[in-house]
Amino acid sequence: MSSGGAPGGAVIRVVVDAMGGDYAPQETVKGAIQALRPARAPDRAPLLQLTLVGDTDLLEPELAKYDLSGLPLTVVPSVGKIGDDEHPVQALRRKPLASIVVATKLLKSARADALVSMGSTGASMTTAAMILGLMEGLERPCIGGPFLGLAPRIVLVDMGSNLDCRPPLLLSFAALGAVFAHKFLGIENPRIGLLSIGTEAAKGNRQVQASYRLFQQSHLNFVGNLEGMDFFTDRADVIVCDGFVGNILLKFTEGLGTAFLRYLGKNLSPLLSPEDLGRLSADLLQMTNLPRRTGGPLLGVKGAVIVGHGSSRSDGVAGAIGTAVRFVGLGLVDSMREELSQIYRGDLARPSHSPI
């Protein structure tokens, strides 16, 4: 299977779960076409190839809307999809031909270098863990990356894939986030912080206090506890919390952005032209909800998997494909595997204060 790397100048093959997302397959197809258009420029080599996985009777009418001549695009059929309201493990067994399952198997069999899905996060995580497998020593993968346009160089892990985390798992997530910050964002020796209710070492619940001691003993550049305001104070580059807290943060900022949009529409529409108001609204949405435009990587699985926002439109699909291409080009899967090996050989091999 693909290790997540690609030789310099090589074509990067991305498989897209075309049935995933609230607006699939219309927006996933449109986003895929958008992502491929730059590859048609005469002065550029076609470095991107796409495979769309989905129900052909639904995909074909959407594809017929576009001129596909010369585009490096193929379709692989699947049957149905796994929804947000389904238990991922049970659905995986009931629907072996669902789009996310077929797409993940293409990545596993090295017929693709990366996978993009706007579908159920639980389904994406479960299929990746069960089909691709986890990096050695890791119990569970996590979702991480920048999540605020207002703080685009702050990495949050976990964004919602693991609701309950023991301290060793949080330490593993911190290591994955540090590699992402270093490779993807170009941050030398990223600073790691634990999200808590105060900066003092004794602050926080049992999970945070035990994690603090473990992080202190690690080789990571740990700067201590952080508070919610520190997403904007440049005290750390990677902020670590469990997925319960991380997903609340993510959804809170989404809701805040939507509330501000309503406020702007009500109070500024008499003062601004519709064009200016539209640009301001788009900027505000980007500042409060970055993953809607770029997707977020699933960290810790043996393959490059990018999970997009379920309500993403075509620009979000294209953005997630772009994230996948860069993820592969930087060889992030191999780098994360190496960093985790240091964690398990060293930091977690040493005795520590009994974590919860």
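The values are calculated or read from the model by the stated rules, or taken from the named source; none is laboratory data. What you see is a predicted model, and the numbers here were worked out from it, not measured in a lab. Note: ideal-geometry Cβ built from the backbone for every residue, glycine included; neighbour counts use all protein chains shown.
Every condition in (1) among the small types (Gly, Ala, Ser); (2) more than 23 Å from Leu171 (Cβ to Cβ); (3) modelled with pLDDT of 90 or more holds for Gly300 except the one numbered (2). Looking only at residues in region 214-230 that are among the aliphatic types (A, V, I, L, M) and in a helix (DSSP H, G or I), the one that is nearest to Thr199 (Cα to Cα) is Met229.
The residues of region 183-221 that are within 29 Å of Thr294 (Cα to Cα), crowded, with 20+ Cβ neighbours inside 10 Å and without any contact (Cβ under 8 Å) to a residue 40 or more places away in the chain amount to a single one, Ser196. Across region 11-36, the qualifying residues are those that are among the acidic types (Asp, Glu) and touching a helix residue (DSSP H, G or I) at 6+ places or on another chain (Cβ under 6 Å), and the one among them that is surrounded by the fewest Cβ atoms within 10 Å (Cβ to Cβ) is Glu27. With respect to (1) in a helix (DSSP H, G or I); (2) of a type in the set (Asp, Glu); (3) at pLDDT below 55, the lone exception for Asp43 is condition (1).
Taking the listed residues Ser109, Ser120, Ser124, the one that is assigned by TED's automatic domain parsing to the domain that holds Phe327, over 18 Å from Ser312 (Cα atoms) and polar (S, T, N, Q) is Ser109, with no other qualifying.
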